[in-house]
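Scroll down for the structure; my scribbles are underneath it.
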Amino acid sequence: MNRHLKQRILWGDLSPFAYLLGGALLVMASDRLAHALTAFAALVWVYCLSSLAAFGGQRIFPVRGRSVLFAFLASFVASLFLLLLMMLFPLGALQMFFIVAFVPMLCAGSGIYRRIEGRGLSQVLRVSFSEAVATGALIVILSLIREPLGFRSLSLLGGPQGIMLVYPFGADSPLFLRMLSSSFGALLLLGYLLGMYRHFMMKRSAEEDDR
């Protein structure tokens, strides 16, 4: 496998999935579109704001124990997002508590703070935003498959029950499609999508090697 392919599989260095910390967030947040969009916003919020704080304080932060400090920093930024969410959508915030709690773990464990050291402000924003968007987009894409097939609906955050159905499609889905709304179905779907991605990337890499 050539170097170009190694960099591109799962977005190379831009992928927190290389550290196997995004799996729980991916499964939990992609069951509903409302949860996926909120997780997307939380990822952008935590990655960008905590990276900016790390960039601003990199000269005063101690070298020893810096990774622990960054973990606390990401958790603090995530708590601000949860507080804002609770003010806007109280019931929705209760449903999203554990999902949002995974975001700072993912951010701190992805190595984002090491990759922004020595970079300028614009590069810090670009790297942190691109990583957050890559992960959040995958969650949203999976939710657009799981929720319509499993729950026969699309949802947004809000309403008296925490989420509101924007497009209820009527009759229930067959059992084998409802399985997609479960964690087991999410893992199967993710494995299938990653297998397809790997297949096409290897095929494209082979074509580039032939040239």
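No lab work stands behind these numbers, since they all come straight from the coordinates. Note that the coordinates shown come from a computational prediction; the quantities given were computed from them, not determined experimentally. Cβ placement follows ideal geometry from the backbone for every residue including glycine, while neighbour counts extend to all protein chains displayed.
How big is the equivalent ellipsoid of the range 69-129 along its three axes, where each semi-axis is √(5λ) from the Cα gyration tensor, reported in whole Å from largest to smallest? Show your work: numbers first, answer last.
Details: eigenvalues 136, 30, 16 Å².
Whole-Å semi-axes of the equivalent ellipsoid: 26, 12, 9.
Under 5 Å between amide H atoms, partner at least 5 residues away or on a different chain: which partners does SER155 have, H built in plane at 1.01 Å?
Close amide H contacts, sequence-distant or interchain: LEU33, ALA34, VAL166.
Mind ordering 126-135, 83-92, 68-77 by average Cβ neighbours within 10 Å, highest first? Present the calculation step by step, with values, prior to reporting the outcome.
Details: 126-135: 19.8, 83-92: 14.5, 68-77: 18.2.
Sorting 126-135, 83-92, 68-77 by mean packing, highest first, produces 126-135, 68-77, 83-92.
Rule-of-thumb check for the range 118-161: C-alpha Rg over 2.2 N^0.38 Å?
1.73
If each Cα of the range 23-97 is one equal point scatterer, what is log10 of I(q)/I(0) from the Debye formula at q = 0.13, 0.22, 0.28 Å⁻¹?
-0.46, -0.98, -1.27
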